[in-house]
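Computed from the coordinates by the stated procedures, all read-outs in this text should not be read as laboratory data. Source: prediction; values computed, not measured. In this analysis, Cβ positions are derived from the backbone assuming ideal geometry, glycine residues included, and neighbour counts consider all displayed protein chains.
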Amino acid sequence: MNKPEAEYISYLRIRRYSPKTIDAYTKDIDAFFDFLLQNGLLFDSLSKKDLRLYLSHELERGESKRSTQRRMSALRGFYRFLQKNDYIDVNPFVRASSPKAPLRFPEALNEAEMGLLLSSNKERTDFLSVRDQAILELLFDSGMRASELTSFTYRQIDWRSRMIRVLGKGSKERLVPFGNETLKTMELYWKETRPLLLAKAKKKRNDAFFLNASGGNLTIRGLEFILREVTKKCDLKLSIHPHELRHTFATRLLDNGADLRLIQTLLGHKSLDTTTIYTHVSRKKLKKEYETFFPREEGKKEKK
């Protein structure tokens, strides 16, 4: 790692970027410097033509438009830092365009699928069932990110008002509400399951609310594993991911008439544009229901 890159990574740590984001940025910048080396280019004297060559190189070696778009975003931030700290005079990324990635709409469970998931898991009688139920209910009830759920501590919970103070992207703090049923399940986990999990751990003090099967900190990968195991234990033909439950939460709010600004606040989105993607999901549902209950167009086709 060269000096400018090392300084930039230190800057990201100071700004409290997540380790996952920093790792991704590091890989993207390293790959870019490898490209420069292979093509005899200098990082401080790039032209628009050089950037077009880089984009072609990425796409030709099989990188998706979305991955290339993400790398360009990482490099824009890096080059802004370089210019601000006098490593370069001109920032070639200022007006450089990224390849248009196909728009991906969020997947969400429908009401029947979500109900089946919660009811089926509630019927489990194994030791970890209450913890898993608390996780499912809280993800669906709050729209929390996986990173937020795995990192919040019991000290961040206001049991009386049913609120959790979480740190979202960019370490931005927000209050996340949850319902009465979720409160009951969380209290049951806290009083009965969590003490037994903590007793298994070498480290007997742990402020994290959700613990893994060994009594240690729950990781994002651990959370993803738990959700896969839930579907197996409940014999459900569902493939669920933490982000899918977040999407389900947002879509349910929108279907029930919630204002986009409210959904933006609850999800912790910086921009309203990010939240508006859920309107497409809701419109798809609206169109499907319209065609089911008012199949006039189908009737016309049949007459032909």
Please state the relative contact order of the chain as a whole percent: Cα pairs under 8 Å, 6+ residues apart? 17 percent
State the answer as a single residue: which of L12, A31, N2 lies farthest towards the positive end of the charge dipole of region 1-64, with beta carbon charges of +1 for Lys and Arg and -1 for Asp and Glu, about the Cα centre. L12
So, with +1 on the Cβ of K and R and -1 on the Cβ of D and E, and no other charges, what is the size of the charge dipole of the chain about its Cα centre, to the nearest 20 debye? 260 debye
Of the residues G268, G179, G62, which exhibits the maximal mean-square fluctuation in a Gaussian network model of the chain defined by a 10 Å Cα contact cut-off? G62
Averaging sequence separations of C-alpha pairs under 8 Å and six or more residues apart, then dividing by the length of region 117-225, give the relative contact order as a whole percent. 27 percent
Could you work out the helix-only [θ] at 222 nm for the chain, with each DSSP H run of four or more residues adding -39,500 (n - 2.57) and the total divided by the number of residues, to the nearest 500 deg cm²/dmol? -18000 deg cm²/dmol
Can you find, among F178, L211, S239, the residue sitting farthest towards the positive end of the charge dipole of the chain, where Lys and Arg contribute +1 and Asp and Glu -1 at Cβ? F178
Of K172/K233; K122/K203; K27/K48, those spanning more than 25 Å from alpha-carbon to alpha-carbon: K172/K233; K122/K203
For H241, H269, H247, order by how many other beta-carbon atoms lie within 10 Å, fewest first: H241, H269, H247
Relative contact order, percent, of region 3-84 when contacts are C-alpha pairs under 8 Å separated by at least 6 residues? 40 percent
Name the residue, out of L139, L149, L12, whose mean-square fluctuation peaks in a Gaussian network model built on the chain with Cα pairs under 10 Å. L12
Rounded tilt (10° steps) of 242-255 against the dominant C-alpha axis of the chain: 70 degrees
Taking the Cα centre as origin and putting +1 on Lys and Arg beta-carbons and -1 on Asp and Glu beta-carbons, what dipole magnitude results for region 3-84, to the nearest 20 debye? 480 debye
The chain, Gaussian network, Cα under 10 Å: of Q133, Q156, Q38, the residue fluctuating most is Q38
In range of the label at Q83: residues from region 36-60 whose backbone nitrogen is under 14 Å from the point 7 Å along Cα→Cβ: 44-48
Leading residue at positive end of dipole, region 111-288 (Cβ point charges), from A146, L167, S119: L167
